[in-house]
1. In region 271-292, which residues are surrounded by fewer than 24 Cβ atoms within 10 Å (Cβ to Cβ), in a loop (DSSP other than H, G, I, E, B) and more than 6 Å from ligand 1 (Cβ to nearest atom)?
2. Tell me, please, whether a residue that is over 29 Å from residue 568 (Cα atoms) and either in a loop (DSSP other than H, G, I, E, B) or open to solvent by 10 Å² or more (accessible area, probe 1.4 Å) (or both) can be found in region 510-524.
3. Within region 408-430, is even one residue modelled with pLDDT under 95 and either open to solvent by 20 Å² or more (accessible area, probe 1.4 Å) or away from ligand 2 (no atom under 16 Å from the Cβ) (or both)?
4. Report the residue count in region 297-321 for those that are within 13 Å of ligand 1 (Cβ to nearest atom) and in a loop (DSSP other than H, G, I, E, B).
5. Check residue 504 against each of (1) farther than 16 Å from residue 303 by Cβ; (2) modelled with pLDDT under 90 and name the one condition it does not meet.
6. Could you list, in sequence order, all residues of region 35-78 that are touching a residue at least 40 places away in the same chain (Cβ under 8 Å), outside any loop (DSSP other than H, G, I, E, B), away from ligand 2 (no atom under 16 Å from the Cβ) and not aliphatic (A, V, I, L, M)?
7. Just one of the numbered conditions (1) touching a Ser or Thr at 6+ places or on another chain (Cβ under 9 Å); (2) buried (at least 21 other Cβ atoms within 10 Å of the Cβ) is not true of residue 333; which one?
8. Looking at region 161-195, which of its residues are away from ligand 2 (no atom under 13 Å from the Cβ) and surrounded by 23 or more Cβ atoms within 10 Å (Cβ to Cβ)?
Amino acid sequence: MNTTPIEPAVLTFRDDGQPWSPRYDDIYHPHAGAYTQARHVFLQGNGLPDRWQGRDRFVVLETGFGLGNNFLATWQAWRDDPLRCERLIYISVEAHPLTRDDLARVHAASPAPDLAAALQDAWPPLTPNLHLLAFEEDRVHLMLALGDVQAWLPEFVASVDAFYLDGFAPARNPRMWDQRVCKALGRLAAPGATLATWSAASALRAHLTTAGFQVKRSPGIGGKRDITIGRYAPVHVPRRAPARTIARAAVATLSSSAPHAIIIGAGLAGCATAWALAEQGWRSTLIERQERIASEASGNPAGLFHGVVHAQDGVHARFNRAAALMIPDAVRIAIERYGIAGAIDGVLRLDDDESHARVRDALPWPDDYVQSLSASQASAKAGLALRRPAWFYPRGGWVDPAGLARTWLARAGTQVDVRCGFEVHALRRSDDDAWRVLDAHGATIAQAPVVVLANAAAALPLLGRPAWPIETLRGQLSLLPAAACPWPRPRMPIAGAGYALPVQGDGSILFGATSQAGDDDATLREADHRANLAQLERLLGHAIEADAARMSGRVAWRYSAADRMPVIGAVPDESATGPRLDQPRFVPRLPGLYLHTALGSRGITWSALGARVLAALISGAPVPLEASLIDAIDPARFVSRQRRRATPAETSR
Ligand SMILES: Cc1cc2nc3c(=O)[nH]c(=O)nc-3n(C[C@H](O)[C@H](O)[C@H](O)COP(=O)(O)OP(=O)(O)OC[C@H]3O[C@@H](n4cnc5c(N)ncnc54)[C@H](O)[C@@H]3O)c2cc1C
Ligand SMILES: C[S@@+](CC[C@H](N)C(=O)[O-])C[C@H]1O[C@@H](n2cnc3c(N)ncnc32)[C@H](O)[C@@H]1O
């Protein structure tokens, strides 16, 4: 998916007070009122609220988020319904979103003022992403895709129950209603999916019919004689790629009580997965070999989170941005509700002049995602003299990772059973489609239809050590107590080559870290403290007096894939043969077996998004990440790359 910067809507009001778009020369909703239209056309036209009653999950997809009135009316109807579904997921695409100020303006007299205010509070930076806005203790999710509808629809991985088609009038806004759009809707439709739109255009009806929808007229409102409603009833149901189907065994358990997964490893990856599965209504058993959770890589005293910018905005930058947009919410809850140490006051990432100018000129990013600062502007932010320009990530910050992991388990509540002090030595698939995880003596520790390997470098040995390019890197961090820092402390974390993290409260500075492949020495080394001190001097731009022989710190290991992306998704069947294996999504999978590993040096930033992506893949919920990025983190990418190398002629055909 190519990155196109988002141009916000220019919102104006006509003399009669109707919100109007000069870009499309059209009104946002009919004179009869946005909520009247939402209830009559979109809710009633899709058989709502009846159709969601008693359901575990109901998924709506809207084309054209606009002012958000349809979303607010749907959320309000869900709230008002005592028989509402457990989870409402509302996906919407918008090319020209309102700014937060315009959103406030347009909802100043909203019939649902509390919901409108919550939407404004959660309004994201206007970047071309699939933003996840969570409400009602995670029971209502708005997945807001910013960008063009035709670019986004093929990127959704979702099974949709109801479509709201709400572009501007087809004559003024044809891209929202054409054959490609209708075909893409058919690809996303769940069995029995319905659609509704105020448009009665015959060309639209023809496109929808070709895409497998049976459409009919229904009485309109507000001077409109007819609207269109429809049901998905295709002659042939398109087959989904293996990576996009829920594990068969898992589906079987969906109809029983809460479906159940085993997670191996209780670091950031495993704890976040337990939380994200609980969010989807799943129970999990979390097995950890240590006596305490988060005591290996995730046991560092503190760590940073922030985005990444790159001139090409390739998969690495895009995945990091998606993750950096999601993690602040989890950290905010950890700090505010659970008293975990951390702050979301921003992070400065130093750059060299040439690369800074190149990236700055390539893409305009909104200020609430990242700001380009000169050395003097960066110095003013940091409170000390810096010699290089910097990227300032206002939603970046730092947190105690083990504390964050604990809050994920607290949020999963009784949905997770944590079992520390058990080391998994082997996995066995039994005849009843369950996985058993075994200890060193072959005894079963637990069994479930789904297993997630979230045990960092120890995951691949449990899979028979597939030859994937992932390596273990030793890292030593150093810590200077407040008394040893007589120089001005930065007001916020500073990163570049390494980082300096002023830990709030005790005045100490955490810095480092080293990166050593093939090194399993767990002792703190004086030479590494010296290397970290030299790096700190380069970052802060002044000499530092400290006795490396007496410094404290911590050693841990990062587990990093060569392409610097995490490994998240269903375990590929490496013995599989068949067509299109050069694309990860077409590689067959081992049923019920998943990975959440290789978080490298970004486990804090990545774990919330990674966990939600994985929980969605496991449970069949809409995935909060675009398909091209799901492919980029899919464990099957290693298999696909091998196939591409093995048969270059075939793949180029
Ligand atoms: C020096 C250093 C600095 C870092 N700084 C940052 C930073 O600033 N920001 C950031 O985002 N990231 C940072 N990271 C990276 C971050 O710490 C990791 O990405 C993250 O902790 C990995 O989490 P994890 O859950 O995958 O692995 P881990 O935390 O290692 O968890 C894996 C768990 O699995 C358990 N386990 C393994 N095998 C078994 C088994 N067979 N049975 C049962 N349990 C098992 C282990 O005991 C462990 O608890 C840093 C890492 C290092 C080393
Ligand atoms: C009628 S308004 C939607 C009103 C909205 N559903 C509501 O409840 O407020 C149509 C919206 O479609 C958006 N739009 C137009 N063309 C688009 C495109 N190609 N891709 C995505 N969105 C588009 C417009 O910016 C506009 O906000």
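1. Of everything in region 271-292, those that are surrounded by fewer than 24 Cβ atoms within 10 Å (Cβ to Cβ), in a loop (DSSP other than H, G, I, E, B) and more than 6 Å from ligand 1 (Cβ to nearest atom) turn out to be 280, 281, 291, 292.
2. Yes - at least one qualifying residue is present in region 510-524.
3. yes
4. Result for region 297-321: 6.
5. (1)
6. 51, 52, 57, 58
7. (2)
8. 161, 162, 182, 185, 189, 193, 195, listed by residue number.
The values are calculated or read from the model by the stated rules, or taken from the named source; none is laboratory data. Being a predicted model, the structure only gives us computed values, none of them experimental. Virtual Cβ from ideal backbone geometry, glycine too; neighbours counted across all protein chains shown. Keep in mind that these areas ignore ligands, DNA and RNA; they rest on the heavy atoms of the full protein, side chains included. Shrake-Rupley method; radii C 1.70, N 1.55, O 1.52, S 1.80 Å.
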